[in-house]
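Input: a single structure, listed below in structure tokens.
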Amino acid sequence: MGADENYQFNAKIYDVLDRTYFRKAASSPRNAVISILGDEPLKVLDMCTGTGANAFAIAGARRNAKVIGIDISDAMLQKATAKLGQEGISNVKLIHMNAANLKFPNEEFDVVLISLVLHEISPDLTGQLLGEARRVLKNAGKLIVVEWEEPVSRFKRIPFYLVKKTEHAGFENFLKCEMEQYFFRFGFEMTQTIHCDYTKVMVLRKDD
Ligand SMILES: C[S@@+](CC[C@H](N)C(=O)[O-])C[C@H]1O[C@@H](n2cnc3c(N)ncnc32)[C@H](O)[C@@H]1O
């Protein structure tokens with residue numbers, strides 16, 4: 001099943017994630033992503049933006065940033081588009097596009113974000129996405145990756161169990177993956193990791 005078919009149903013309920021797992025502002029991965037960005041005018045690509053949670057959070061907090069969110073799922077993009085009017089934010093653009101074949105020139109973006117995507121795609125698609133992220137990122141730019149992380153707290157393990165139940169068989173192995181080595185294979189070097197609720201936010205730069 002392709003991402004588009006998968007997300008026909010998921011789009012209807014997807015934003016529950018932000019109202020439950022990521023509801024605490026101080027430890028939300030959405031806010032951690034914003035904290036990494038400077039105040040200078042930035043061009044940001046939110047690859048696989050889904051319903052636009054990160055794209056809108058960044059655009060709202062950094063009014064001088066230009067944020068482009070792309071996704072392959074019409075259903076997810078429709079949800080994101082509905083928010084465009086509601087949130088009164090003018091510095092976000094949403095585009096239907098395959099992240100494996102981006103229609104942007106080389107070194108176009110200061111920041112590329114890939115949030116909650118890599119754990120659920122095939123190794124082939126991972127290679128294509130990270131290859132495209134590397135191509136469109138400026139040499140001094142930042143790749144920001146948000147991914148699930150097994151919580152230490154006993155109280156958080158039960159809600160996290162529900163996440164695991166909805167994920168594919170390889171999810172447990174992905175959680176155990178040594179991330180520095182994982183990204184090194186695709187030409188990125190890890191510079192920072194922020195641990196958030198149920199997730200970690202990793203900051204990477206292109207290696208030389
Ligand atoms: C779990 S959602 C993550 C959404 C969002 N980034 C977030 O942090 O909430 C994964 C998204 O990846 C999108 N996706 C999967 N493969 C894609 C591809 N090849 N090109 C663009 N989007 C893709 C799906 O349509 C879906 O919206």
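Nothing in this text is a laboratory measurement; each read-out follows from the coordinates by a stated rule. Fair warning: this is a prediction, and the values are worked out from it, not measured in the lab. Because the Cβ atoms are built from the backbone with ideal geometry, glycine has one as well, and the counts that use them run over all protein chains shown.
Candidates Asn64, Met76, Gly141 compared by Cα position along the dipole of the range 39-206: farthest toward the positive end lies Asn64, with charges placed on Cβ.
By the beta-carbon count within 10 Å of each Cβ, the least crowded to most crowded order of Lys66, Lys164, fewest first, is Lys164, Lys66. Please compute the Kirkwood hydrodynamic radius of the chain from all pairs of different C-alpha atoms, in Å with one decimal. This gives a value of 17.3 Å. When only alpha carbons are used to place a centre, the range 1-66 and the range 173-208 end up 18 Å from one another.
As a length-normalised measure over Cα pairs under 8 Å and 6 or more apart, the relative contact order of the range 70-166 settles at 27 percent.
Residue order for Phe9, Phe174, fewest other beta carbons within 10 angstrom first, comes to Phe9, Phe174. Take every pair of alpha-carbon atoms less than 8 Å apart whose residues are at least six positions apart; their mean separation over the length of the range 1-65 yields a relative contact order of 32 percent. Projected label points at Asn101 and Phe184, each 7 Å from Cα along the beta carbon direction, are separated by 3.4 nanometres.
Please tell me which of these pairs span more than 29 angstrom C-alpha to C-alpha: Lys79/Lys103; Lys156/Lys176; Lys83/Lys176; Lys93/Lys206; Lys142/Lys176? Check vs 29 Å cut-off fails for Lys83/Lys176.
Taking other C-beta atoms within 10 Å as the exposure proxy, Asp197, Asp207 rank Asp207, Asp197 from fewest upward.
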